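The values are calculated or read from the model by the stated rules, or taken from the named source; none is laboratory data. Here the structure is a predicted model, which means the values were calculated and not measured. Note: ideal-geometry Cβ built from the backbone for every residue, glycine included; neighbour counts use all protein chains shown.
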Amino acid sequence: MKFKRIFLVVLDSLGVGEAIDAINYKDSGSNTLGHILEQKDLFIPNLKKIGFLDTLTLTEDKEVEAYYTIAKPTNIGKDSLNGHYEMIGLKSEEAYQTFNEGFPYELLADIEKITGRKVMGNTCSQDSSIIQELGERQVNYGALIVYTSADSDLQVAAHEDCIPVSTLYNYCEKIREITQAKGYKIARIIARPFSGTPGKYKLMNNARKDYAIKPPKRTILNDLIDKNYNVIGIGKINDIFDGEGINKMIKAIDNNEALNKLSDIIDKDFTGLCMVNLSDFDSYGHKRDVEGYGGAIEELDIDLKIILNKLELDDLLIITADHGNDPTFTSNGHTRENVPVIIYSRNFKTPHRLPPFETFADIGATIADNFDCEAPEIGKSILEELE
């Protein structure tokens, strides 16, 4: 074992330029980080030191304090599940569906039948605006607000005083079952209870519950647990893998909380892997909010300095992303992009630019190699190159 602990931080949607097959996804010209920089002068000195900006051009930076490169997507689709699957070495030939234009009538009819409640909404919403718009009607009629975030998800919202949270969970379990039985490729069904009064409704983020799909095969996460290592998931990591291969789940409702929880975990004594998903980036991408996205990157830069200073000599930090979500694009969905890969240790003597990874799975292969686990089905370890 070269590193006692590996911290894998996923900057959800922070791509660094169109993938070679972007044209197949109608995403030619996409570049999440590049286009944000064109519109906002980011002050990110700590990210710059570890080669984050160099991933846009892959020019050689002799002053860099981390290894840096890009990873190319090979899994079909540009959704969070397939991006994370590939990252840990799992090949997937199946893309999950998005329903930005609304869910089909047949599915809505099935939801009404199995819940005994009418459905309203059926639109794409990036924030709580749909709750403010339809919340009072939902309470008055006892209906369900059904919507999507432009990701592969189906979200169901209801006021806690109208439909108890436990009942909403039960409805979402049934919806999960029927979507799978009828072949809808929806990655997550999400229960979104809310509270408050008209004009002041608020999503109860701590009561949110995701019903995802288990990975189609065992992964390196399962192997790590079999070898009695810790596998800690912060943020929506546990939801993405539906708890499979995770033996400690830590909830976080936003980037700030996730980074605070990561900082706390670094202070603990454990051996194994800690995965963190920073989902605010993806939310800003869906909303096409360049200013908000750039501000979130600057906030990450501030927290990064604290994290780097806390790492032990035998710790490894990997920073990457799962897909793109260019906030300057006309559509409000994910974009098919390469992702940054930053690999940092306080013990590195000669960090430099690495050749591009031909798949995100090189990350998973490297993690597996470090903990002497079976190599994943795709990916190539670069552990021996890290000095």
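So in region 184-213, with the set limited to residues that are of a type in the set (D, E, K, R) and assigned to a loop (DSSP other than H, G, I, E, B), which one is surrounded by the fewest Cβ atoms within 10 Å (Cβ to Cβ)?
Lys200
Could you please find all residues in region 338-387 being closer than 20 Å to Gly51 by Cα, hydroxyl-bearing (Ser, Thr, Tyr) and out of contact with any strand residue (DSSP E or B) (no Cβ under 6 Å at 6 or more places or on another chain)?
Thr350, Thr359, Thr366
For residues in region 102-137 being under 22 Å from Gly196 (Cα atoms) and among the charged types (D, E, K, R), which is surrounded by the most Cβ atoms within 10 Å (Cβ to Cβ)?
Checking each candidate, the answer is Arg117.
Suppose we filter Asp301, Asp280 for residues that are in contact (Cβ under 8 Å) with a residue 24 or more places away in the chain and under 16 Å from the mean Cα position of the chain (by Cα); which single one remains?
Working: Asp301 fails: under 16 Å from the mean Cα position of the chain (by Cα).
So the residue among Asp301, Asp280 that is in contact (Cβ under 8 Å) with a residue 24 or more places away in the chain and under 16 Å from the mean Cα position of the chain (by Cα) is Asp280.
Considering every residue within region 357-371, establish whether at least one is outside the structural domain of Thr123 (by TED's automatic domain parsing), acidic (Asp, Glu), in a loop (DSSP other than H, G, I, E, B) and farther than 23 Å from Leu56 by Cβ.
no
Find the helices (runs of 4 or more DSSP H) located wholly in region 75-183 whose residues include 2 or more that are closer than 30 Å to Ala375 by Cβ and within 17 Å of the chain's Cα centre (by Cα), and list them.
80-87
Please identify the pairs in which a residue from region 241-258 that is over 19 Å from Val231 (Cα atoms) has its Cβ atom under 8 Å from the Cβ atom of a residue that is modelled with pLDDT of 95 or more and aromatic (Phe, Trp, Tyr), counting only partners at least 6 apart or on another chain.
Going by the 8 Å Cβ cut-off, the qualifying pairs are Asn255/Phe281.
Of all residues in region 316-332, how many are out of contact with any strand residue (DSSP E or B) (no Cβ under 9 Å at 6 or more places or on another chain) and of a type in the set (Gly, Ala, Ser)?
The qualifying residues number 1.
Determine the pairs where a residue that is over 20 Å from Val139 (Cβ atoms), located within region 183-199, has a partner that is among the aliphatic types (A, V, I, L, M) and assigned to a loop (DSSP other than H, G, I, E, B) with Cβ atoms under 6 Å apart, the partner being 6 or more residues away or on another chain.
Arg188/Ala212
Is it true that Asp21 is in the same structural domain as Leu311 (by TED's automatic domain parsing), within 25 Å of Ala296 (Cβ to Cβ) and out of contact with any Ser or Thr (no Cβ under 8 Å at 6 or more places or on another chain)?
Considered against the rule, which asks whether it is in the same structural domain as Leu311 (by TED's automatic domain parsing), within 25 Å of Ala296 (Cβ to Cβ) and out of contact with any Ser or Thr (no Cβ under 8 Å at 6 or more places or on another chain), Asp21 comes out as no.
Residues in region 87-129 that are among the β-branched types (Val, Ile, Thr), closer than 30 Å to Leu11 by Cβ and in contact with an Asp or Glu (Cβ under 8 Å, 6 or more places away or on another chain): how many?
1
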